[in-house]
Amino acid sequence: MTKRTKKGFHRVEFSLPDDLTSQLHTRLMSLSSSVKADYLKSEVFSKYVSLDTDPPEVRRTRAINKWLATERENEATNDRLFNTPGEYNILPRVRWSNFVGWCRDFISDIIGETPPVDALIGAFSGGASTSRNRTSSHPSSKYTGTIHTTERCLDYFKDTCIDELPGWINAQNRLITDIVPGNVMFTVPKKTDIDRVACKEPDLNMFIQKGIGTFFRRALLKHRINLNDQSINRRLAREGSITGKLATLDLSSASDSVSTGLVDLFLPEVWCTLLDSVRSPVTVIDGDEHLNHMMSSMGNGFTFELESLLFFTIAKAVCFFRGNFRGVVSVYGDDIICPTDAVAELTFALGFLGFQVNPDKSFDSGPFRESCGGHYYDGYDITPFYIKAPILRMEDLIDVANKLRHWGSRTYAGGIIDPEVEPVWLWLKSMVPDVLWGGSDTSFKYQLVSQDTPNFRLSEEKRNKGTGDGGYYHWLNATSVRTAASDGVQTSSRVTSTNKLRLKRVRDRTVPRLEYIFLSELYGIDWTQSISSESGNPRE
């Protein structure tokens, strides 16, 4: 049903069956058995969360307990690393002192002995912080009013950032800084039975943390580790599934397992001092303060880059001492690619340093490999898609239908989508109004991809809000390091969503030329009427 508005848009309301998700589950589980289909069945609902799964408080409690257990392991790791004698053999005929020395030198070659001023010049993100929730956390808002910081981080900020960026000029005259002990824990849905833990950082801490993270990212790029491109790991994972010469390793709770002792051991002293000064030494959990044994958690602005640096170093060290320094090593966070014959030694070294290889998501034998969201079997892409919540809105339905279409186009030759999934997709299509057919991008959830004449697409109703003085300060900092005047930065306003949808007419009403199509589209057969009658869900 649509209602025309004054601006020429059509506000839309749709009705979907209450048991749509359940019906889809039944149809997907009925797909004929194959490596690809069986893998989809095992994965597609593995991250599903609804009122029928474990309640939020149970998932949250499990996540917090897991985090605290990791912290106990971090405390033990710190003690172990501090007390390990230099003559201990971390690898066969490799002394601990030699291993540590090699890693220190390798990291120093990447990031240097001392941090340059550029490493302290960060930026605010749009994420929540200890002073602002998600809805009021636009970067511009953090340049005015009250902002949070730890005491040691404030000293660094006053000594460096204020003089280096124009947006911070006279900052002490307009900002009110509240000293806080550290970050604040929260959880987000992850899987059916457990949440994921992350932490909201103090504002100024996050600003400098992001500068450090950006510096690490650029430094690693010079050593051919590109943290802006996951396709590298996916390509290597596919290669490993064919040749068997490369393994894919995944670590459990990797971000939370980087202990302070490991950083002190591997990084140059001045870098260690900097990281320790801008990290959160304390995490507030439901009002209680926990003294951290980890260097940083998810939510910290340098956690991802720091763990990538450490895992790259450890993997290269193992390969070096095995006599295979030129062996292929690639990392993206805790997704590690390494030579298969180095897995045993690398697993042991990682374990000694406080990390646990996840056996359920690590592969060094057989034809399967997985890394950075790419899943491969003997060279074939069998990457599943995930349904993480009940299908309640039209954009949810379109999103699932487009994902199913994309999944069916993998590993199938001749430009034809796997006929096995066609009845399921046609059934989903029958519940989408025909004015929303004719899309061409399976990653776009506001128009169904099909070989039909496009008319409309769904569009989120959004509003522009001014950013005030904070937007100007944000612009000064954001443009101070741009290399060309053409690098435009929009900071004077921000866009907010109203969670309302409208129909918006598409500009190009040409039938899309799709790389992969269903047989029904190839032969022009309209099966949607029979599918619609069978399901009892008319298109409205």
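General remarks:
- Coordinate range of the alpha-carbon atoms in region 324-476 per principal axis, descending: 58, 57, 29 Å.
- Å³ per residue enclosed by the Cα convex hull of region 219-335: 127
- Evaluated over region 59-377, the count of Lys pairs having alpha-carbon atoms less than 26 Å apart is 22 (only pairs 8 or more residues apart or interchain).
- Region 59-377: radius of gyration over Cα atoms, expressed as a fraction of 2.2 N^0.38 Å: 1.01
- Using alpha carbons only, the radius of gyration of region 170-246 set against its Kirkwood radius gives Rg/Rh = 1.17.
- Cα-based Rg and Dmax for the chain, where Dmax is the largest Cα-Cα distance (Å): 26.0, 79
- Cα-centre dipole for the chain with unit charges at Cβ (Lys and Arg positive, Asp and Glu negative), debye to 20: 1860
- Counted over all Cα-Cα pairs of region 354-420, pairs farther apart than 15 Å make up 65 percent.
- Counting beta carbons within 10 Å around each of Cys338, Cys319 and listing the fewest first gives the order Cys319, Cys338.
- For region 56-159: rounded, prolate or oblate by the Cα gyration tensor [a/c cutoff 1.5]: oblate
- Where labels lie 7 Å past Cα in the beta-carbon direction, separation of Lys465 and Leu221 in nm: 3.3
- Span-like helix ranges in the chain, DSSP H, alpha carbon extent 15 angstrom or more, Kyte mean at least 0.5: 303-321
A short reminder: the numbers here are calculations on the coordinates, not readings from a lab. Every value quoted in this text rests on a predicted model; they were computed, and no experiment measured them. We place every Cβ from the backbone using ideal geometry, glycine too, and count neighbours over all the protein chains shown.
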